[in-house]
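Visitor: Here's a structure for you.
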Protein chains: 4
Amino acid sequence: MIIVLKPHSSEKSIQSLVELLLSFGVKVQRNNGVDYTVLALIGDTADINVAPIQQSDIVHKVIRVQEPFKRANRLFHLEDSVIKVGDNTIGSDTFTVIAGPCSVESEEQMMTVAKVARESGAHFLRGGAFKPRSSPYSFQGLGREGLDILKTVGKETGLGIVSEIMSMDDVELFHDTVDIIQVGARNMQNFSMLKELGKVDKPILLKRGLSATIEEWLMSAEYIMVNGNERVILCERGIRTFETYTRNTLDIGAVPVVKKLSHLPVLVDPSHATGIWWMVEPLSKAAVVAGADGVMLEVHPDPENAMSDGAQSLKPAKFASLMRELEILARTQGKKIIDKKETVTWLK
Amino acid sequence: MIIVLKPHSSEKSIQSLVELLLSFGVKVQRNNGVDYTVLALIGDTADINVAPIQQSDIVHKVIRVQEPFKRANRLFHLEDSVIKVGDNTIGSDTFTVIAGPCSVESEEQMMTVAKVARESGAHFLRGGAFKPRSSPYSFQGLGREGLDILKTVGKETGLGIVSEIMSMDDVELFHDTVDIIQVGARNMQNFSMLKELGKVDKPILLKRGLSATIEEWLMSAEYIMVNGNERVILCERGIRTFETYTRNTLDIGAVPVVKKLSHLPVLVDPSHATGIWWMVEPLSKAAVVAGADGVMLEVHPDPENAMSDGAQSLKPAKFASLMRELEILARTQGKKIIDKKETVTWLK
Amino acid sequence: MIIVLKPHSSEKSIQSLVELLLSFGVKVQRNNGVDYTVLALIGDTADINVAPIQQSDIVHKVIRVQEPFKRANRLFHLEDSVIKVGDNTIGSDTFTVIAGPCSVESEEQMMTVAKVARESGAHFLRGGAFKPRSSPYSFQGLGREGLDILKTVGKETGLGIVSEIMSMDDVELFHDTVDIIQVGARNMQNFSMLKELGKVDKPILLKRGLSATIEEWLMSAEYIMVNGNERVILCERGIRTFETYTRNTLDIGAVPVVKKLSHLPVLVDPSHATGIWWMVEPLSKAAVVAGADGVMLEVHPDPENAMSDGAQSLKPAKFASLMRELEILARTQGKKIIDKKETVTWLK
Amino acid sequence: MIIVLKPHSSEKSIQSLVELLLSFGVKVQRNNGVDYTVLALIGDTADINVAPIQQSDIVHKVIRVQEPFKRANRLFHLEDSVIKVGDNTIGSDTFTVIAGPCSVESEEQMMTVAKVARESGAHFLRGGAFKPRSSPYSFQGLGREGLDILKTVGKETGLGIVSEIMSMDDVELFHDTVDIIQVGARNMQNFSMLKELGKVDKPILLKRGLSATIEEWLMSAEYIMVNGNERVILCERGIRTFETYTRNTLDIGAVPVVKKLSHLPVLVDPSHATGIWWMVEPLSKAAVVAGADGVMLEVHPDPENAMSDGAQSLKPAKFASLMRELEILARTQGKKIIDKKETVTWLK
């Protein structure tokens, strides 16, 4: 960490700042310029709280040399994290596909989608049981009943189950039902819940907040990891910008940035990023070649009658043809979607 | 609600859409243009879920004529809401001042600030006991001990207490300790918590999310209100934009917009909006004349040694002089900060 | 166009609005709802000025059904535009590559890059002669001398030349020197210059403004086209958002959106979008599969000593290997970079 | 300027970087840390081009201590700039009011507005003769005829004239017609035009670009100043954000920031910032108390029939009452709008 002091700082103030810094257990090197003085901290600064330094009257700027996250940091974990979930593996040479409708509506609906998903080679089934809706008047999901349906369908089809948690009081419930617990964009900085999820023995799929910087997103991963759960999967799902044609703007550049800064796997959700079904294909393909470890796609047997987000859902046939395209692209990148060919008719 | 259909929609699809609409309990008027058909819904559409309509294949655009919120809507509540909190009143001709440090650090610190606050005419004392910090390594607040200090200091000085809740599991605890429960920007769409707060008999100070539109903010208020708690106070605290000089960008225009759309009182927090203490004065003054019902200001007896956000905190003397300026401006707008002159030395 | 009127609009005001609308040469259908009245315009509304309608006291909302651009609109030009530039073709099954340094520095530098570019299969050479720099103290480019160098190098290597115009007074100069005239992001709404470029017989590469919506971008294309020059090539180069890790945020979703709304070819510039050389590879690859018609890449023989934007420039070897990857991906999308194999050593 | 080098930079690379730095005419102090080396530049660094430094392979970060602008910098010009325009003064204790319609439509229209403006105490009359419209199909202004009307009306009423220039070819024309040449938001980084305006002996009103940072805005002022014209007036007019209720978001905080960083006067344009007439009053009032040197307001005798931007225009009566409110607030801030009482009926 480099601390640039304001010109004409008094020797007394500098001394007391240096003492504060030493109290963090680092060494302090001082460089007296003509106009300004620079303090360089030597040692591990990842967990130093910058606030009390920045608010000192004599500090012009604090520059972190080390990123403020540690467990999520590639610097301290050079190899890509590979996350085991049942028979599936996220990261490494697998390109993971999570597919399913926005909301769980019925067992029949989920079973239809699950069969399509499995048939095309997807690894996980997604479906919302508790839905974060900006309006209290919108459909809020089936709740526990939805989770039960997911569990049943997962068991029957062999697909892993991913579902979004909305309340820290449901951590145990989710632990007992799903294979990956999803944290939605709106809860990315629900720190109380993140702490609870750090104590759970289940992988967490952490979506990026609508206006979260990449650093803040990784700091939220750090919250989970520092509390004991290292199995965090990141998911870019579009950020809020001035553009109104799409619901959000997919930050495809976040994929290589995250891969550089962190060892955690990163997925892309083009359905929520755009809100438009016909954009899912080109953006899923972009995700593969930009280095993502997978995609999360909305698929619905009957989008026109979906209870939420039908406009961004693929129909089964479209999804199936997209999967073939993704498989081809994944292979050009040294990855693959499908391993166990026996379950996938079109690859046999 | 107006629904514009795509050109060449089949009569059959139109019929089935009309049936869906009728099921919402509204009348549907149909207008057949040469190129497109328009459906107008007649009746109360505030709580209609737009999603299943928008995702219909034949729908070009859905235009709400009525705002999607109802209890927060001025249309159905023409008078300004005036919220009673103990002896204090928020809204109407009062310009409310909430002052205090970012974090509760000790009883001594809080007592010092509280005396300054009361002396200058502030109505409420703020202080964070549970702190939402983007880094798990930053000071997380004193927790319950902090709340106890707040309660003690509030009792002793007669100031109302405002503190931020971070977890839905703490609702009861906050109910028993503070006078106003604050929901921070990062939890504005923590819907599970909003629902719980709807069942509490305490006013809720709802901060605007970093990237929340005004409509989404009012929808979050609606979540609380529809669950039974009508005493919601809004607080604009800066939005995230591309500008990096200030921490966030104060959306001063949100004040008149909220006053137009809603009957709820709206405060402004210039400390968090900018992160810079010398901007608090001009922006507090702007808040008064733009029509805000009050301000929330960070004041710390010793900002250089604050445990969080010292850079945006006013020193007591600066705060005291600002209060006089705000009183003068409030009077030009038909409002006043100070009612009970006996406690305020400089007004006597 | 659909115009929703405010409740309780007087019959007299409605009549005078209808007269205004009829004066635009369209038919007006009126739909009287219980609470509000809707007017639907029938006919060609693409060039109707919405402003005087929107500012009417009785208008609640104006909804365009037809996009406000016409010549750039795919609705009126179903086939993709294919733009001929010398021996090259932009659009259709060609994936165009424009490569070169940010600034022209010397003939030697340009010749080195040009040979690398041609050798790897690029079609055009880019280089700035006039540089838009936010600081008046930064290197402003070689000016006319730079253009002369570009012309010489273009002639010698057979590569087409692309360079950015900064001043409407240079239109003739550029017409006589380059093959494609580039309009930079900062001049996307320099309407006086766009009009002049509409009168020129050269293709225009129109970069998207830093905060321009896709619609505004297409409207700027329309400015050029309506003035007589239909050969417009669009180029997405990142938009300004809150994220600070990258210089801008590449809006990869803009590619499929533009392809849907317009028949014009669209390129992607990942170098300016990110400002980071190691992000150019993944994002160029994303551009290919998202449907772009080409990329514009910064390549510099010696980035460390570049006079501008070295940090985002690829070295020749990296560029060459990227070209092979792009060729492979382009082929998966039914496109190709390299046609004339004789000039490209690695494809022989 | 502080340059933080990457860990393990080779001594040879450091030496060659130091040589580059010395070539800029500054001294270089070197600080060798354990993990990284820091170079501090001593001397005047305001006009050093950071690009070639940043793109060095061994540079981790460049931190400017000195702002990158010089003539616009308060550091080198402690006193507020006061700009004389005819009999009027912008800056110091004057709160300047520029009023008028978006577009010049006719002499009669301008004369009506001018009389209202003068009567209420405004100093300048604004009106667009050349209009920057995002659509080529929108009204583009009366052009030269519009300027002639402005000149005539200005002479007759004694009001100064402000109008927006759209093309660098019109610099002479504007010089001979108006009192203040306005540069619109879309041309804030039209550097060729800024350079020309640097050679003119007329004050320039420089609007902030829609997505320009405060620093970029001041750099554009620097372009004009460094070319010889020191009379630059800044104007905040709203920035582009995700919020869609208002056309743009007024960045009221930019006012105190600009006053801190620069000695130039700064105005606020609430009409363009919001696009909504009823927001002009609260935001104009906010501008006064936030420290602005004036406001630019749209006033139209008949907004419903305005040829552009009627929705954001005040009617004469509303404008007149607002002027009284602004006068009262200006006096609380040690400023005044009206000096020569003889022309203002309501102040007599």
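Read-outs throughout are calculated quantities, based only on the coordinates presented, and are distinct from any laboratory measurement. Bear in mind the structure is a predicted one, so any value in this text is a computation, not a measurement. Quick reminder, even Gly has a Cβ in these numbers, built from the backbone with ideal geometry, and neighbours come from all protein chains shown.
Visitor: Please compute the net charge surrounding residue B:82, taking Lys and Arg as +1 and Asp and Glu as -1 over other residues with Cβ under 15 Å from its Cβ.
Guide: Values: positive: B:74, B:84, B:231, B:259, B:335, B:336; negative: B:79, B:80, B:87, B:93, B:230, B:293, B:339.
With Lys, Arg at +1 and Asp, Glu at -1, the neighbours total -1.
Visitor: Between residue B:87 and the same site in the other copies, what are the distances in nm, shortest first, taking label points 7 Å from Cα along the C-beta direction?
Guide: Reported distances to equivalent positions: 5.6, 7.2, 9.0 nm.
Visitor: Across peptide C:255-265, how many C-beta atoms of other chains are within 10 Å of each residue C-beta, on average?
Guide: Mean number of neighbouring Cβ atoms from other chains: 3.
Visitor: For the protein assembly as shown, give the share of DSSP beta bridges that are antiparallel, in percent and rounded to the nearest 5; count only bridges with both residues there.
Guide: Restricted to the protein assembly as shown, the bridges split so that about 40 percent are antiparallel.
Visitor: May I ask you to derive the FRET efficiency for residue C:173 and residue C:23 from their Cβ-Cβ distance with R0 = 45 Å, giving the value to the nearest 0.05?
Guide: 0.55
Visitor: Enumerate the lysines that residue A:115 could reach by cross-link, defined here as Cα to Cα under 18 Å, with residues fewer than 8 away along the same chain left out.
Guide: The qualifying lysines are A:151, A:155, A:315, A:318, A:340, A:341, A:348.
Visitor: Could you name the residue in chain A with the C-beta closest to the rotation axis that superposes chain A on chain D, along with the separation in whole Å?
Guide: A:31, 2
Visitor: Next up: Just name one of A:114, A:211, A:316: the one whose Cα is farthest towards the positive end of the charge dipole of chain A (beta-carbon charges, Lys/Arg +1, Asp/Glu -1).
Guide: A:211
Visitor: Looking only at other chains, what is the average number of their beta-carbon atoms within 10 angstrom of each beta-carbon in B:274-282?
Guide: Going residue by residue through B:274-282 and averaging, the value is 4.
Visitor: Every other copy gets compared here: list the nm distances from the residue A:331 label point (7 Å along Cα to Cβ) to its counterparts, shortest first, one decimal.
Guide: 1.3, 8.2, 8.3
Visitor: Quick query: amide H of residue D:262 versus all other amide H atoms, modeled in the peptide plane; which residues come in under 5 Å with a sequence gap of 5 or more or a different chain?
Guide: D:74
Visitor: Can you give the local net charge around residue A:192? Use residues other than it whose beta-carbon is closer than 9 angstrom to its beta-carbon, Lys and Arg +1, Asp and Glu -1.
Guide: Charge balance in the 9 Å sphere: -2.
Visitor: Further question on the same structure: What shape does the protein assembly as shown have by the C-alpha gyration tensor, where a ≥ b ≥ c are the square roots of the eigenvalues, rounded means a/c under 1.5, and otherwise prolate means a/b greater than b/c and oblate the rest?
Guide: rounded
Visitor: Return the percentage of antiparallel bridges among DSSP beta bridges fully within chain C, rounded to the nearest 5 %.
Guide: Antiparallel: roughly 40 percent of the beta bridges in chain C.
Visitor: What is the dipole size for segment A:10-136, taken about its Cα centre, with +1 at each Lys and Arg Cβ and -1 at each Asp and Glu Cβ, in debye to the nearest 20?
Guide: 160 debye
Visitor: Could you put D:223, D:245 in order, starting from the residue whose Cβ has the fewest other Cβ atoms within 10 Å?
Guide: Fewest-to-most Cβ neighbours within 10 Å comes out as D:245, D:223.
Visitor: How many angstrom separate the Cα center of segment D:141-192 from the Cα center of segment A:118-144?
Guide: So the separation of the two Cα centres works out to 58 Å.
Visitor: Under 12 Å from a point placed 7 Å out from the Cα of residue D:201 along the Cα-to-Cβ direction: which residues of segment D:231-250 have their backbone N that close?
Guide: Answer for this model: none.
Visitor: Additional query: So if we plug the beta-carbon distance of residue C:6 and residue B:336 into 1/(1 + (r/R0)^6) with R0 = 51 Å, what FRET efficiency do we get, rounded to 0.05? If you can, show how the numbers build up before the last one.
Guide: On the way: r = 36 Å, r/R0 = 0.70.
Efficiency, from the Cβ-Cβ distance: 0.90.
Visitor: Starting from the amide H of residue C:60, placed 1.01 Å from N in the peptide plane, find each other amide H under 5 Å away whose residue is 5 or more places distant or on another chain.
Guide: Distant-sequence amide H within range of residue C:60: C:4, C:5, C:6.
Visitor: Can you give me the C-alpha center-to-center distance between segment D:259-302 and segment B:225-281, rounded to a whole angstrom?
Guide: 19 Å
Visitor: Oh, and also: Compute the relative contact order of chain D as a whole-number percentage, counting only Cα pairs closer than 8 Å that sit 6 or more residues apart in sequence.
Guide: 16 percent
Visitor: How do A:63, A:90 line up, fewest other C-beta atoms within 10 Å first?
Guide: Fewest-to-most ranking of A:63, A:90: A:63, A:90.
Visitor: Another question, if that's okay. What translational D, rounded to a whole number of µm²/s, comes out for segment B:55-126 from Stokes-Einstein when the hydrodynamic radius is the Kirkwood one over Cα pairs, at 20 °C and 1.002 mPa s?
Guide: 131 µm²/s
Visitor: Which listed residue (C:189, C:167, C:89) has the Cα farthest towards the positive end of the charge dipole for segment C:86-196, taking +1 on Lys and Arg C-beta and -1 on Asp and Glu C-beta about the Cα centre?
Guide: C:189
Visitor: Could I ask something else about it? Mind listing which GluC sites (Glu not before Pro) in segment B:66-145 are in a DSSP loop and have 16 or fewer other Cβ atoms within 10 Å?
Guide: Qualifying residues, ordered by number: B:79.
Visitor: Within segment A:273-342, list the trypsin sites (Lys or Arg not before Pro) lying in a DSSP loop whose Cβ has at most 13 other Cβ atoms in a 10 Å radius.
Guide: A:340
Visitor: Per residue of C:52-61, count partner chain C-beta atoms within 10 Å of its C-beta, then hand back the mean as an integer.
Guide: 5
Visitor: Given the pairs A:336/C:336; C:84/D:131; A:260/D:6, which are separated by over 27 angstrom at their Cα positions? Let's see the in-between values first.
Guide: Values: A:336/C:336 24 Å; C:84/D:131 34 Å; A:260/D:6 16 Å.
Violating the 27 Å Cα-Cα cut-off are C:84/D:131.
Visitor: Determine how many Å³ per residue the convex hull of the Cα atoms of chain D encloses.
Guide: It comes to 153 Å³ per residue, whole-number rounded.
Visitor: So, one more: In terms of modelled amide H atoms, which long-range or inter-chain residues lie less than 5 Å from the amide H of residue D:104?
Guide: Residues meeting the criterion, in which the H sits 1.01 Å from N, are D:128, D:129, D:142.
Visitor: In nm, one decimal, shortest first: how far is the label point of residue A:145 (7 Å from Cα along Cα to beta carbon) from the matching points in the other copies?
Guide: 4.8, 7.0, 7.9
Visitor: Counting other beta carbons within 10 Å of each residue's own, what order do A:59, A:162, A:344 fall into, fewest first?
Guide: On the way: A:59 21, A:162 27, A:344 18.
Result, fewest neighbours first: A:344, A:59, A:162.
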